[in-house]
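Reviewing the structure listed below.
The values are calculated or read from the model by the stated rules, or taken from the named source; none is laboratory data. Just so you know, these numbers come straight off a predicted model, no measurement behind them. Note that each Cβ is placed from the backbone with ideal geometry, even for glycine, and that neighbours are counted across all protein chains shown.
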């Protein structure tokens, strides 16, 4: 996976990666490290650590002073410095998304040099209305100029001259200091913020006019310098009229966010590769669950970073500020987390100077320091969210889809005119309930048609049937059921009139479902089922159940299982409600005592029920991993509570609020990326697995934040009828089940580790 999604972005990434492998080998990076690290100044420095410096000295590099890397002309020749700039200024005419794709790929290889500050400076100048665009941008695009941008400074200025017909204002005379400017040591053009008596202005000045003092950097692959100016006269054409701090910060969040994503990407891949081959206690460390879960969490953070940076490049207006602020929270923190955890995975070798892990950690820390504290960006997110700013994840569908949309809309118009059960039956009969299924149960709809149907059903004000467990039953019956079973059960299930429950889990078979013990014994014309099931939702009202039982004890545990349809009113079925911590009774124990199930109620082949069950479970995880699981614990609900409090939130409360807002946004961005991949005919990839994992815990985080806002009133009973306190207390209790019944968090982390990262599976018991 990467920030870019479409074929062009994937091709760009492959091209950049291939070029970097050839042009920026490890020794090039280490030479720069040796120059910037100045290891000779360290007390007791090891000779090995000085090798890079010695090599740099042999090539004429001055210790501690950054220079343009030797590959700079080749990098510029690839067009990578001007991807985001219009063709009229020598660029490629793309945008920040394409620049982000290239930055991520280059950062993944720890490419040294001033590419990122040059792109950032160019983007800021482009966002202005200054004549400097034509003077400076072509040089930044072709690599003849390098740039740097100071996000903060103590530079002040006085306006000089008057506006003319060619300029919206006069020039400035500026003095002051901008400390810690990335890339300033090799920059030709400096973009600086200046405080004037009329507000903040931005200027683009020649670096030769400023005093540049190199600062020994934490990131040993990119230099930092302090910029000082004294009485520098900046002509009007170099005052970046129209450029605002908000625009600069938003652009920096995207550019440095992509940089951070590249750091995190290397850390995840390198840690996973190492965990596959590093053996301790007689097996690869990647087989230990603690290691699996750590690297899986790293992948989750990486994909959240990618999704939020990607979305920020797409957003506009106030939504862009909101999306970029979220990216600024997620991406730098993801880089720091992944680099830190990678060092832990590598162990002692990862702590050495010779290993590359510390270079990625240094860069991650530097990115976060430059962009600003996560808490400050979180406060920005909270402020925007409390003002009502949000981000709708809309899909831009091709114009050629219009005829199909109009046909769907016309068909739904007739259904919308119906009411109640009649409307739901018509919706099911037309295949609109689960349109991806084959006809006659669905419409064999392509991903594009599915999106159109979803949009038009919502636009028509039609509420789809509440199928609950039936949503998991239908795909399995469509795939494995007999024609008779399909005709009997599917119409009523799709219309929401037939209520199902799922008899899968047992007291000793939860996540390890294949260890189930319920017996299915042959009888004349069918089977007799005996045993206990537990955690069965809505069993007390269900009319039918899907059930798996062991039909052949002589086979391995995943074999010898058969999938049955059980009449919940059959003799021998006993339902005993289980009271959850909320005091409600959604779950049940179900006892089957010699319950007869006829042969025609077997789904699929006898003893091959695990195959059918896996189909059901895959749909279960998708269903339970979306939204708030019916608890009402969503970000809009939380924001509504905050608005009703009648007081300002404390800084700590704003941080908590921003945390769940950022998480919700990343889940939505991941969901959109999954849909877009499907529309393009691709597999969803890591986006889908990460989205499912995040979604199961999201409602928990929302409700916990809400209860914290309520304060002492949270002693109120967990009862939605008792106002906000009772409502949210019920939610905080009810959502504890979400990381269990949709596939426990720990099992999902194992799945991510094994299926996406290729880590070794857990050993079989006793082996």
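Within the stretch 603-618, the set of residues being assigned to a strand (DSSP E or B) and under 14 Å from residue 550 (Cβ atoms) comprises 608 only. Against the definition (assigned to a strand (DSSP E or B) and surrounded by 21 or more Cβ atoms within 10 Å (Cβ to Cβ)), how does residue 549 come out, yes or no? So residue 549 passes the test. Can you tell me which residue within the stretch 496-509, out of those that are outside any strand (DSSP E or B) and touching a residue at least 60 places away in the same chain (Cβ under 8 Å), is farthest from the chain's Cα centre (by Cα)? Per the criteria, the residue is 497.
Does the stretch 653-670 contain at least one residue that is in a helix (DSSP H, G or I), closer than 30 Å to residue 579 by Cα, in contact (Cβ under 8 Å) with a residue 12 or more places away in the chain and over 11 Å from the mean Cα position of the chain (by Cα)? Looking through the stretch 653-670, at least one residue is in a helix (DSSP H, G or I), closer than 30 Å to residue 579 by Cα, in contact (Cβ under 8 Å) with a residue 12 or more places away in the chain and over 11 Å from the mean Cα position of the chain (by Cα).
The set of residues in the stretch 137-159 that are in contact with a helix residue (DSSP H, G or I) (Cβ under 6 Å, 6 or more places away or on another chain) and closer than 21 Å to residue 77 by Cβ comprises 137, 138, 140, 141, 142, 143, 145, 146, 147.
Given (1) part of a helix (DSSP H, G or I); (2) touching a helix residue (DSSP H, G or I) at 6+ places or on another chain (Cβ under 6 Å); (3) surrounded by fewer than 22 Cβ atoms within 10 Å (Cβ to Cβ), identify the lone condition not met by residue 347. Result: residue 347 passes all but (2). Is there a residue in the stretch 639-649 that is surrounded by 19 or more Cβ atoms within 10 Å (Cβ to Cβ), free of Cβ contacts under 8 Å to residues at least 24 places away in the same chain and assigned by TED's automatic domain parsing to the domain that holds residue 752? Checked the stretch 639-649: no residue is surrounded by 19 or more Cβ atoms within 10 Å (Cβ to Cβ), free of Cβ contacts under 8 Å to residues at least 24 places away in the same chain and assigned by TED's automatic domain parsing to the domain that holds residue 752.
Residue-by-condition table, conditions (1) outside the structural domain of residue 585 (by TED's automatic domain parsing); (2) modelled with pLDDT of 90 or more; (3) more than 26 Å from residue 756 (Cα to Cα); (4) touching a helix residue (DSSP H, G or I) at 6+ places or on another chain (Cβ under 6 Å):
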{"position": "677", "(1), (2), (3), (4)": "yes, no, no, no"}
{"position": "688", "(1), (2), (3), (4)": "yes, no, no, yes"}
{"position": "696", "(1), (2), (3), (4)": "yes, no, no, yes"}
{"position": "700", "(1), (2), (3), (4)": "yes, yes, no, yes"}
{"position": "710", "(1), (2), (3), (4)": "yes, yes, yes, yes"}
{"position": "718", "(1), (2), (3), (4)": "yes, no, yes, yes"}
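Restricting 54, 67 to those that are in a loop (DSSP other than H, G, I, E, B) and either modelled with pLDDT under 95 or assigned by TED's automatic domain parsing to the domain that holds residue 189 (or both) reduces the list to 67. Within the stretch 524-581, the set of residues being more than 19 Å from residue 502 (Cβ to Cβ) and in contact with a helix residue (DSSP H, G or I) (Cβ under 8 Å, 6 or more places away or on another chain) comprises 525, 526, 557, 559, 581.
Taken over the stretch 90-125, the criterion of being more than 26 Å from the chain's Cα centre (by Cα), buried (at least 21 other Cβ atoms within 10 Å of the Cβ) and more than 16 Å from residue 222 (Cβ to Cβ) is satisfied by 91, 122, 124, 125.
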